[in-house]
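Structure record follows, encoded as structure tokens.
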Ligand SMILES: Cc1cc2nc3c(=O)[nH]c(=O)nc-3n(C[C@H](O)[C@H](O)[C@H](O)COP(=O)(O)O)c2cc1C
């Protein structure tokens, strides 16, 4: 049973959660890198015209990913991690789940945030990839190694 942790992180918080998770789960690690990296200005949620605001206001937004996973068929379980943006996953995660045939694979979302939970993440992502076996996601902001390990090895 091979596991993968695939994550997007704009400012490093989800990246460190993903690294801890990969270690706890004995999983491979893949960074979902945007073809065009997000600048600080892009991430300004107080500006309605910033790149992140424009993307998050457009359900059809699918930011391009720089690199693909060549051996996705090797994995049975894929943890997908991201920061919460406006109570959902950044639209680059929509790009990611539509980029592969994930039918029958176990998909486990995880996220970090400034305080809110997973919000409507599942409601948005599941219809984009309905034949995967979606597990309930988890916020990984403040989990102990013990809790992380127990959770990661349930899948
Ligand atoms: C555009 C944008 C929107 C955000 N929206 C939320 C939100 O709705 N709720 C929340 O708690 N935090 C929100 N945040 C904060 C991030 O979720 C939080 O800082 C996260 O840990 C960043 O992860 P990263 O360093 O991996 O990018 C937002 C951040 C950005 C840049």
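Looking only at residues in the range 113-131 that are within 17 Å of residue 78 (Cα to Cα) and part of a loop (DSSP other than H, G, I, E, B), the one that is farthest from the ligand (Cβ to nearest atom) is 131.
For the range 34-70, the set of residues classified as surrounded by 13 or more Cβ atoms within 10 Å (Cβ to Cβ), part of a loop (DSSP other than H, G, I, E, B) and away from the ligand (no atom under 11 Å from the Cβ) consists of 61, 62, 63, 69, listed by residue number. Taking the range 6-31 as the range and being surrounded by fewer than 20 Cβ atoms within 10 Å (Cβ to Cβ), over 11 Å from the mean Cα position of the chain (by Cα), part of a helix (DSSP H, G or I) and without any contact (Cβ under 8 Å) to a residue 60 or more places away in the chain as the test, the residues that pass are 16, 19, 23. Of 96, 110, all but one fail to be assigned to a strand (DSSP E or B), under 16 Å from the mean Cα position of the chain (by Cα) and either within 16 Å of the ligand (Cβ to nearest atom) or surrounded by fewer than 19 Cβ atoms within 10 Å (Cβ to Cβ) (or both); the exception is 110.
One residue stands out in the range 132-155 among those that are within 26 Å of residue 66 (Cβ to Cβ) and assigned to a loop (DSSP other than H, G, I, E, B): the one that is farthest from the chain's Cα centre (by Cα), namely 132. In this structure, residue 80 does not satisfy being outside any loop (DSSP other than H, G, I, E, B), touching a helix residue (DSSP H, G or I) at 6+ places or on another chain (Cβ under 8 Å), away from the ligand (no atom under 16 Å from the Cβ) and touching a residue at least 12 places away in the same chain (Cβ under 8 Å).
Just so you know, all these numbers are worked out from the coordinates, no wet-lab data involved. Nothing here was measured: the structure is a model prediction, and the numbers come from that model. With ideal geometry, Cβ positions are generated from the backbone for all residues, glycine too; neighbour counts draw on all protein chains shown.
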